[in-house]
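Peer 1: Attaching a single structure in structure tokens format; questions to follow.
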Amino acid sequence: MNAHPDDRTVLVVGASGATGKLLVEQLLTRGNEVRVVVRSKDGLPEALRNHRRLSMIHASLLDLDDSDLQKLTDGCDAAASCLGHSMTLKGVFGPPYRLVTEATRRLTAALKATAREKPVRFVLMNTAGNRNGDLPEMATPGHRAVVGMIRLLIPPHADNEQAADFLRLDIGHNDTALDWCVVRPDTLTHDPNSPAYKVFASPIRSAIFDPGQTSRLNVARFMADLITDDGVWSRWRGQMPVIYDDA
């Protein structure tokens, strides 16, 4: 493993969410300096918010202006987004309608503006229901029809698609200041004793008709591996790997 966690400063947004808290814990355990943006300090467990390597900024991310975002990302070697829409009526159908996309766009701009000598790493948590347009990922007509309905009826799905497409098409694969990876878990679980995980370039089963399972803990482990392990990053940078529990 070619990792130097003590040299890394990592920004995590969506840190108070179910997966975000686990990612923060993983990064701190590995010796990283971690910055988080949370609306309330109570969003993180006491053991995390009192950690000597954790810095907390109390704010709503999209309320920060570009100057504030650049101050936030200055000195960061990597950033990870676990942002998502809350599964409530207001969270699914109310503003901000493009939370993940807008946060991705603005964060990557700030990271590029404050980049270090090496490209900054940006890791986005997404979903296995989102296809990778860079690969010929197969989908049955039924699968495409259902996804089309979901795209129209459930705004967060389109938001996830647009965030990933922004990285693929706008940032691209040859940016000198920023590298990215989009992590696609399947059906998320809260299993605290989850087994190891397996990662594939594309889904090995239908997220609609034959979904697999991915524990949030394994998502956090894989995202932390991408950030801290140069070998894992080299394998998956510029891609949209799909992660499943190794049952």
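Peer 1: Per DSSP H run of n ≥ 4, the term is -39500 (n - 2.57); total these for the chain, divide by its residue number, and report the mean residue ellipticity at 222 nm rounded to 500 deg cm²/dmol.
Peer 2: So the calculated ellipticity at 222 nm is -10500 deg cm²/dmol.
Peer 1: For LYS198, which lysines qualify as cross-link partners when the Cα separation must be under 22 Å and same-chain residues fewer than eight apart are set aside?
Peer 2: LYS21
Peer 1: Only Lys, Arg, Asp and Glu count, each charged at its Cβ (+1, +1, -1, -1), so figure out the dipole size of the chain about its Cα centre, rounded to 20 debye.
Peer 2: Roughly 240 debye for the chain.
Peer 1: Which values, in whole Å and largest first, are the semi-axes of the equivalent ellipsoid of region 5-89 obtained as the square root of 5 times each eigenvalue of the Cα gyration tensor?
Peer 2: For region 5-89, the semi-axes come out at 19, 17, 11 Å.
Peer 1: Using the C-alpha atoms of region 112-179, what convex hull volume per residue, in cubic angstrom, is computed?
Peer 2: So the per-residue Cα hull volume is 97 Å³.
Peer 1: Additional query: Which Cα, out of THR127, VAL146, GLY75, lies furthest along the positive dipole direction of the chain (beta carbon charges, K/R +1, D/E -1)?
Peer 2: Farthest towards the positive end: VAL146.
Peer 1: Which of VAL12, VAL182, VAL147 ends up with the largest GNM mean-square fluctuation for the chain, with Cα atoms connected below 10 Å?
Peer 2: VAL147
Peer 1: Moving on. Ignoring the sites themselves, what is the longest stretch of the chain with no chymotrypsin sites (Phe, Trp or Tyr not before Pro) in a DSSP loop and at most 15 other beta-carbon atoms within 10 Å?
Peer 2: The answer is 98-208.
Peer 1: Between GLU117, GLU102, GLU25, which gets the highest mean-square fluctuation from a Gaussian network model of the chain, Cα cutoff 10 Å?
Peer 2: With Cα springs under 10 Å in the chain, the top fluctuation among GLU117, GLU102, GLU25 is at GLU117.
Peer 1: Just to be sure I understand the curve: with the Debye formula and one point per C-alpha of region 5-245, what is log10 I(q)/I(0) at q = 0.08, 0.09, 0.12 Å⁻¹?
Peer 2: So the normalised log intensities work out to -0.27, -0.35, -0.63.
None of the figures in this text is laboratory data; all of them are computed from the coordinates on show. Please read these numbers as outputs of a predicted model, since none were measured by experiment. All Cβ positions, glycine included, derive from the backbone under ideal geometry; neighbour counts span all protein chains shown.
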